[in-house]
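Below you'll find the structure, written out as structure tokens, and then a few comments.
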Amino acid sequence: MGKYSDNFLAEKRLKGDLLADEAITSLFTNANAASFSELLKNDWKNNDPLPKQLPKKLNTFFQKTQILPAWADNKKMKKATKFFANYSGDVMGLLGSLALPYCYAAADGAKVLYFSERIKKDTTKRLAETGQFVIDVLSPDAFEPEGKAIRSIQKVRLIHAAIRYHILKSGKWNKAWGYPINQEDMA
């Protein structure tokens with residue numbers, strides 16, 4: 001048996017990202033989708049100020065998620081950064097040739113990718129975004145004020161929440177598949 005029980009993983013298949021999901025639901029139900037698109041265009045550093053006119057739930061999301069959780073281990077994060085610096089070509093090669101294709105082959109999780117159509121319609125951009133995310137999170141000083149890790153993580157969490165929102169609204173999602181872009185899929 002692995003580190004996590006089947007029951008634990010089954011529970012994670014039913015969970016999204018509550019803070020991000022609330023922010024996106026609030027944004028889209030108040031017809032602020034254009035502000036979401038504008039928000040995603042920003043290439044922020046961790047210490048860059050947030051736009052002044054953010055809707056309340058979105059501002060709450062950014063405020064609550066800009067601090068690393070208590071379980072974050074700086075020593076391990078620095079070790080990961082050094083490993084990436086030494087093996088970035090190998091890591092990115094594995095990401096493109098193994099990790100991403102493997103995720104796309106996962107039965108239920110791949111349905112999200114199919115419904116979103118990003119990998120089919122804009123493959124190069126979609127893969128480049130994932131690669132840039134890895135660089136943002138694993139570059140030296142990524143979590144320092146001048147780094148980009150926190151803002152990149154926040155943006156990905158919001159993108160996942162937006163995809164969940166639209167897939168669930170589409171009526172095409174079967175609850176037997178779990179929750180779209182769930183905690184197990186992301187792990």
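The values are calculated or read from the model by the stated rules, or taken from the named source; none is laboratory data. Note that the structure is a prediction, hence the values are computed from the model and not measured. Counting neighbours? That spans all protein chains shown, and the Cβs are built from the backbone with ideal geometry, glycine included. SASA here: full protein model, heavy atoms, side chains in, ligands and nucleic acids out. Shrake-Rupley method; radii C 1.70, N 1.55, O 1.52, S 1.80 Å.
Here are a few things to note about the model shown:
- Among the residues of the range 20-31, none qualifies, meaning not one is farther than 30 Å from Lys175 by Cβ and either at pLDDT below 90 or small (Gly, Ala, Ser) (or both).
- Of all residues in the range 58-86, those being open to solvent by 100 Å² or more (accessible area, probe 1.4 Å) and either part of a helix (DSSP H, G or I) or in contact with a Lys or Arg (Cβ under 8 Å, 6 or more places away or on another chain) (or both) number 9.
- Candidate set: the range 120-158, residues that are under 23 Å from Leu19 (Cα atoms), open to solvent by 60 Å² or more (accessible area, probe 1.4 Å) and assigned to a helix (DSSP H, G or I); chosen: the one modelled with the lowest pLDDT: Glu129
- Taken together, the residues in the range 159-187 that are in a helix (DSSP H, G or I) and open to solvent by less than 30 Å² (accessible area, probe 1.4 Å) amount to 4.
- Looking only at the range 30-52, and only at residues there that are surrounded by 10 or more Cβ atoms within 10 Å (Cβ to Cβ) and over 19 Å from the mean Cα position of the chain (by Cα), the one that is nearest to Leu158 (Cα to Cα): Asn32
- Selection count where residues are over 14 Å from Trp44 (Cα atoms) and either touching a helix residue (DSSP H, G or I) at 6+ places or on another chain (Cβ under 9 Å) or among the aliphatic types (A, V, I, L, M) (or both), scope the range 136-177: 23
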